[in-house]
1. If you place +1 on the Cβ of every Lys and Arg, -1 on the Cβ of every Asp and Glu, and leave all else neutral, what size is the dipole of the chain about its Cα centre, to the nearest 20 Debye?
2. Which whole-number value in Å² is the accessible area per residue of segment 37-91, probe 1.4 Å?
3. With every protein chain left in place, what is the accessible area per residue of segment 114-166 in square angstrom, probe 1.4 Å?
4. So if I take the centroid of the Cα atoms in segment 121-176 and the same for segment 13-41, what is the distance between those two points in Å?
5. Rounded to two decimals, what is the ratio between the C-alpha radius of gyration of segment 150-193 and 2.2 N^0.38 Å?
6. Grab every C-alpha pair in segment 66-128, bin the distances at 5 angstrom width from 0 up to the longest one, and report whole percents.
7. At a 1.4 Å probe, what is the % contribution of carbon and sulfur to the accessible area of the chain?
8. Over all directions, average the projected area of the Cα convex hull of the chain and note it in nm².
Amino acid sequence: MNAREEFLTIAHAALAGDTSLPSLQVEGDGADFRYSVGDGPLPNKLAQSEFHPAPPFERDELLKVLATATRNRWQRGRPATQANLDDLRHFEACSAHLAIDPGWFDLLFAVFHLAVGMGAARRWETLQVKEKYGTLRLYYEAEPDVADRLDRIVEAAEHLSGHICEKCGAPGEIRPGGYVLTLCDEHAGGSDD
């Protein structure tokens, strides 16, 4: 699988039910791929999630988070580690303990990176970052003028986390059981690597 295929696999899983999904086009196979997609409102049901009255993020916001995460993952060239998670501390907003596995590093990187890009680097801080019911949960405080935009980015990342293996960052799915986790096929088979 290459970066383009991974992006498309996760996008198709996360946006299942979106009538504009067939218009998603991706050019390039490497980490510098580009994408485009049609316009229109998102339906209130995406994949296994139902939103009322509508998703708290736009299609383009979700794809921007996913593209940033996928590019970062493929530019690094190897699975994320605990050391990568620890390195997120260079973002001033990353003040909470990160109680997650390294597979979601790139999603968190995307959130912090996009927040910096919208001028919110010093205008918010994390309070808690964890896994809950198989998906990422990011609790934070933000200044009012950046809170709405930040909410949409965080909500998009949380939705995407249900389609990304929390152990390695590959495409995954929520696996029910005694403890609900989002895992790829390999990690669902019992491997701890």
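1. 100 debye
2. 55 Å²
3. I get 44 Å² per residue for segment 114-166.
4. 21 Å
5. Against the compact-globule rule of thumb, the ratio is 1.23.
6. Percent of pairs per bin, in order: 4, 19, 30, 25, 17, 6, 0.
7. Numbers: 4600 of 9430 Å².
Carbon and sulfur atoms account for 49 percent of the accessible area of the chain.
8. Quarter of the Cα hull surface area: 10.7 nm².
The values are calculated or read from the model by the stated rules, or taken from the named source; none is laboratory data. Computed from a predicted model, the values in this text were never measured in an experiment. Glycine also receives a Cβ, built like all others from the backbone with ideal geometry; neighbour counts cover every protein chain displayed. The protein model used for the area step is the full one, side chains on, heavy atoms only, and it has no ligands, DNA or RNA in it. Shrake-Rupley method; radii C 1.70, N 1.55, O 1.52, S 1.80 Å.
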